[in-house]
Amino acid sequence: MSISSPSVKKILSGFLVLCALAILVSLGVWQLQRKAWKEALIADINARAHSQPVAISPEKDWVNWDPAKDEFRHVTVTGTYAQTNDIAVYGLMQDPKTSDTLQGHYLFSPLLLENGTAVFINRGFVPNDIKIPSPPIGIVTVEGILRAPEQKGWFVPANQPEKGEWFTRDAPAMAAYKNLARNAPFYIEADAKLNETSTTWPRGGVTREITLKNDHLQYALTWFGLATVLLGITGYALVRK
């Protein structure tokens with residue numbers, strides 16, 4: 001039987017349609033599975049962030065620190081702030097009173113621990129028109145959220161430490177600039193203080209409810225929609241014939 005015969009063409013066309021339909025439906029089901037995975041991940045992250053604070057991992061475990069398992073964990077740490085200039089990282093914050101977007105900086109200060117190690121604390125946001133306050137003197141206990149070093153984006157300027165210009169929250173780079181050899185591979189975003197008001201600076205509580213991009217339902221509907229269109233076109237072609 002020749003491949004150009006009408007019956008062979010129909011069989012081949014039908015096979016291709018079934019293959020395409022199977023691929024589209026499989027992609028839709030896969031996106032639904034991804035949606036369930038993403039929702040579970042978001043729930044797990046928020047559970048870490050809103051749990052009772054625990055001590056940070058010891059220095060010997062820092063080499064194995066895994067952001068996928070440990071980032072966003074609510075922690076507590078006690079130490080003394082190094083009385084040096086803060087590293088001010090450019091950023092934005094929405095004013096809770098006016099909903100205006102404020103331009104300013106997030107203040108990063110190295111907290112020196114009793115065992116000689118250090119961890120950077122994001123003490124909070126300060127608008128451009130506010131004088132940067134020095135870190136507290138003496139032993140302090142900080143509660144906050146563990147965060148992994150921030151990666152530079154495509155359109156984000158490079159940090160220029162020698163000019164005091166920082167655009168990414170890169171704790172290892174900050175440690176190198178401050179000559180801190182035993183610095184944690186993460187940093188801590190300090191919680192908002194109990195007596196903190198809309199006029200208190202720096203303002204902590206940067207990380208609140210954590211959300212991740214979750215467009216998998218939209219993608220799934222797109223694939224299922226394409227499968228439906230394919231069925232419609234195929235059915236219409238069969239009716240016409």
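Screening Tyr81 against (1) more than 22 Å from the chain's Cα centre (by Cα); (2) modelled with pLDDT under 75 leaves a single unmet condition, (2). Please go through the stretch 164-204 and pick out each residue that is surrounded by 15 or more Cβ atoms within 10 Å (Cβ to Cβ) and in contact with a Ser or Thr (Cβ under 6 Å, 6 or more places away or on another chain). Correct list: Glu189 only. Given the structure, is Thr197 part of a loop (DSSP other than H, G, I, E, B), at pLDDT 85 or above and farther than 24 Å from Ala55 by Cα? No: the conditions fail for Thr197.
Among the residues of the stretch 53-91, the one identified as of a type in the set (Ser, Thr, Tyr), in contact with a Phe, Trp or Tyr (Cβ under 8 Å, 6 or more places away or on another chain) and in contact (Cβ under 8 Å) with a residue 40 or more places away in the chain is Tyr90. If I filter the stretch 140-156 for residues that are over 19 Å from the mean Cα position of the chain (by Cα) and not in a strand (DSSP E or B), do I get at least one hit? Checked against the condition, which is being over 19 Å from the mean Cα position of the chain (by Cα) and not in a strand (DSSP E or B), the stretch 140-156 yields no hits at all.
Filter the stretch 145-163 for residues that are of a type in the set (Gly, Ala, Ser) and surrounded by fewer than 12 Cβ atoms within 10 Å (Cβ to Cβ); which is modelled with the lowest pLDDT? Working first, answer last.
Residues of the stretch 145-163 that are of a type in the set (Gly, Ala, Ser), as a first pass: 148, 153, 158.
From what's left, surrounded by fewer than 12 Cβ atoms within 10 Å (Cβ to Cβ): 153, 158.
Details: Gly153: 79, Ala158: 88.
Checked the stretch 145-163; the qualifying residue modelled with the lowest pLDDT is Gly153.
Taking Asp61 as the residue in question, decide whether it is at pLDDT 80 or above, of a type in the set (Asp, Glu) and either over 21 Å from the mean Cα position of the chain (by Cα) or part of a helix (DSSP H, G or I) (or both). Reasoning before the result, please.
Details: at pLDDT 80 or above: yes; of a type in the set (Asp, Glu): yes; either over 21 Å from the mean Cα position of the chain (by Cα) or part of a helix (DSSP H, G or I) (or both): yes.
Yes: the conditions hold for Asp61.
The values are calculated or read from the model by the stated rules, or taken from the named source; none is laboratory data. Since the model is a prediction, treat every value here as computed from it, not as a measurement. Because the Cβ atoms are built from the backbone with ideal geometry, glycine has one as well, and the counts that use them run over all protein chains shown.
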